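A.B. asks: Structure below; questions to follow.
The values are calculated or read from the model by the stated rules, or taken from the named source; none is laboratory data. In this text, all values refer to a predicted model and were calculated from it rather than measured experimentally. For neighbour counting, all protein chains shown are included, and Cβ atoms are generated from backbone atoms with ideal geometry for every residue, glycine included.
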C-alpha cells in the first residue's frame, strides 16, 4: 500500500502534491489531514497543512518521483510570509516612521565614521585616568595595621546582629581609617552596587568621629570592591565625557558618595572639552558632566 505525506500552504495544495507524488487521482486514494494550515496574525506564526494520502487497494502507480523545484517554489510562494498583505494605515505609518529613523541613524553613523577617519587616531583613543595620588590604594598603602580599634568592635557587633560571618582588619593613620572585610558573607555586606557597604561605612564614620575634633575619613572594603568600583567609575567618566562631546548635551550621573564623586572629578579634571561639577545635597548629591 503506497502512502505519501506532504506539506502545503493549505490542505488542497498538500493533497495535490501527494497525488502527483503517487500519480493517482482523488478517487483512487484515501486522504487524512494531519495538520490544518493557519495564516497567523499579519503573516506571523503561520503554519503549513500536512496530509497523508494513501492509495486504495487495487490501484497502481508509476515509480515515485521526488518533488520538483517548481513544486517546492509553489509551496514557498504560497506562504503568508511571502504574500503581500494590507496593513492597517496606523500600523503602516509606524513601520514607515521606524524605517525612516533607521535610515537616518545609518546615515548619521556613516557620517560619524567618515569624520573620525579624518581625526588623529591618538587623540580619538585618549583615555583619562586618575593620578596615582588620587587612587584609594595610594592612601591605604601609607597606613599601619592596628589592633583593637573602636571601629573593629563596632563592625563585629553589626556582623553578629546581622548573623553573618565576617572578619575585619584595620589600618589607620591621622586622617584615614581603612577596614578590609573578609569572610564567607562579604557579598551580603557589599549589597547591591555597594549600597550596604556604603551604609555601614557611614555608620562606622560616626563611631570614629564622635569624640574627635578633627574629621577622620573611614573606608570599608570587601573583595577589592572599592578598587573595582574605582576602575568602573573611571571608565564611566570617559564614556560619558565622549557622549557629552558628541551630543553637546550635559549628563547627570546617579547619586554617589563623596569619594566616588571625587573619582569622576579627578578623572576628567584635565579633559580639554568637558568639565564636572556637583549638585544637590548628600546622600542625593550628583556629578554633572558638561561642555566647557
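A.B. asks: Return only the number of the condition from (1) at pLDDT below 90; (2) out of contact with any helix residue (DSSP H, G or I) (no Cβ under 7 Å at 6 or more places or on another chain) that residue 242 does not satisfy.
C.D. replies: (1)
A.B. asks: I'm told residue 81 meets every condition in (1) over 30 Å from residue 247 (Cα atoms); (2) modelled with pLDDT of 60 or more; (3) part of a helix (DSSP H, G or I) except one. Can you identify the failing condition by its number?
C.D. replies: Just one mismatch for residue 81, condition (2).
A.B. asks: Within the bounds of the stretch 196-215, is there any residue that is surrounded by fewer than 13 Cβ atoms within 10 Å (Cβ to Cβ) and closer than 29 Å to residue 271 by Cβ?
C.D. replies: no
This table checks each residue for (1) within 14 Å of residue 1 (Cα to Cα); (2) assigned to a loop (DSSP other than H, G, I, E, B); (3) at pLDDT below 85.
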{"position": "17", "(1), (2), (3)": "no, no, no"}
{"position": "31", "(1), (2), (3)": "yes, no, no"}
{"position": "53", "(1), (2), (3)": "yes, no, no"}
{"position": "57", "(1), (2), (3)": "yes, yes, yes"}
{"position": "74", "(1), (2), (3)": "no, no, yes"}
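A.B. asks: Next question. Please verify whether the stretch 271-291 includes one or more residues that are assigned to a helix (DSSP H, G or I) and outside the structural domain of residue 186 (by TED's automatic domain parsing).
C.D. replies: Looking for residues that are assigned to a helix (DSSP H, G or I) and outside the structural domain of residue 186 (by TED's automatic domain parsing), one finds none in the stretch 271-291, hence no.
A.B. asks: Could we say that residue 218 is assigned by TED's automatic domain parsing to the domain that holds residue 168, in contact with a strand residue (DSSP E or B) (Cβ under 6 Å, 6 or more places away or on another chain) and under 30 Å from residue 164 (Cα atoms) here?
C.D. replies: yes
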